[in-house]
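Worksheet: the structure to be examined is printed underneath.
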Amino acid sequence: MPKFITIGEPMVVMASQDIDVNLDEAVHFKKYLAGAEFNVALGMNRLGHCTSYVSKIGSDPFGRYIFEEAKKAGLDIRNLIYDENLLTGAYLKESVSKGDPATAYFRKNSAASNLKVEEIDMSLLNNVQVAHLSGIFAALSDQTLQTFKVFNHRLNDEKIVTIFDPNLRPILWKNKEIMISTINDLAKMSQIVLPGIHEAKILMGSTNPEEIANFYLKQSDLTKSVVVKLGANGAYVKTNSGQIFTVPGFKVDKVVDTVGAGDGFAVGLESALLEGKSLEVAVHRACAVGALAVQSAGDSEGYPTRSQLIGFYKSHNYRGDL
């Protein structure tokens, strides 16, 4: 039975192979798996953790591709539901030599955006210890926002550790004000919150890591720890018990693709916590997996196996707890 669970929208990304050519003019594309929470599920499974993935896909070529790849990867897909009447989400992504790539999404009224909580087999929560939640799934539709809230409450009722990544996607929200208020309300429902420093500027008006952490800790008695992602600079951590520390990032020689780095950070953090590691060790692993992620094309291709993670640590002379 899975000890880790996440809920979200799986997609197919058609990644341009034409470097520094805009999407209007690019003609060569390669197909990859995508979707923030799906990335996390794949990364957790790659590190040896049985993972349950909850979503809905269309009975179309993209949906069948996702289903077969998820099964091949070893995910628990008993809550990956086919819908004959709706399509699977997809998007196009630029290839750039520097900076973040432009994207174009095709996901409105997708199968995942119509997932109802009553379609989820809650009996699969019996053995779950850690859950990953993202603001993206909540943003897809009024239906998924309701599903998210009920699912989150059920996780908390079952005493499962909930970790919330805001993962801002302004294009999915009706307006900025609704996005900010909803995301901050959802953050109150998790024990650990993972805001990025630039996301926090939008969500609560500051880029000061301590102010960001204080904001989310003071919002809710349920929130025990805030891990502020600082990009290449690592992460700042503060807990409600007064523990404060900063973990430096791992330097890499070349950045190939920044998409998926934040999800990789979550993979590192959550896999370590699931193994009973300390929060500090978990954040070190989070930074390591994030650094590995940016060195590969595709959203999740850079996420390591256990041996690859150990090799990365050795190459960076990291001597801490693995």
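Structure above, values below:
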read-out	value
Condition check for ILE77: within 19 Å of the chain's Cα centre (by Cα), surrounded by 17 or more Cβ atoms within 10 Å (Cβ to Cβ), more than 30 Å from ASP24 (Cα to Cα) and modelled with pLDDT of 95 or more	yes
Scan of region 1-41 for residues that are within 11 Å of the chain's Cα centre (by Cα) and among the hydroxyl-bearing types (Ser, Thr, Tyr), ordered by number	THR6
LEU186, sole failed condition from (1) surrounded by 23 or more Cβ atoms within 10 Å (Cβ to Cβ); (2) under 16 Å from the mean Cα position of the chain (by Cα); (3) of a type outside the set (Val, Ile, Thr)	(1)
Any hit, region 286-304, residues being in a helix (DSSP H, G or I), out of contact with any Cys (no Cβ under 8 Å at 6 or more places or on another chain) and of a type in the set (Phe, Trp, Tyr)	no
Among (1) without any contact (Cβ under 8 Å) to a residue 40 or more places away in the chain; (2) closer than 20 Å to LEU125 by Cα, the one test that HIS49 misses	(1)
Residues that are modelled with pLDDT of 95 or more, over 15 Å from GLY48 (Cα atoms) and among the small types (Gly, Ala, Ser), drawn from region 272-303	SER278, ALA282, ALA286
Qualifying residue in region 172-185 (condition: in contact with a strand residue (DSSP E or B) (Cβ under 8 Å, 6 or more places away or on another chain) and part of a helix (DSSP H, G or I))	no
Selection within region 101-141 - under 15 Å from PHE4 (Cα atoms) and assigned to a strand (DSSP E or B)	VAL130, ALA131, HIS132, LEU133, SER134
Residue within region 93-113 that is free of Cβ contacts under 8 Å to residues at least 60 places away in the same chain and surrounded by 20 or more Cβ atoms within 10 Å (Cβ to Cβ) present	yes
Selection from region 6-64 of residues that are of a type in the set (Asp, Glu) and touching a helix residue (DSSP H, G or I) at 6+ places or on another chain (Cβ under 7 Å)	GLU9, GLU37
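The values are calculated or read from the model by the stated rules, or taken from the named source; none is laboratory data. On a predicted model such as this, the values are computed, not experimentally measured, just so you know. Cβ sites come from the backbone with ideal geometry, for glycine too, and all protein chains shown count toward neighbours.
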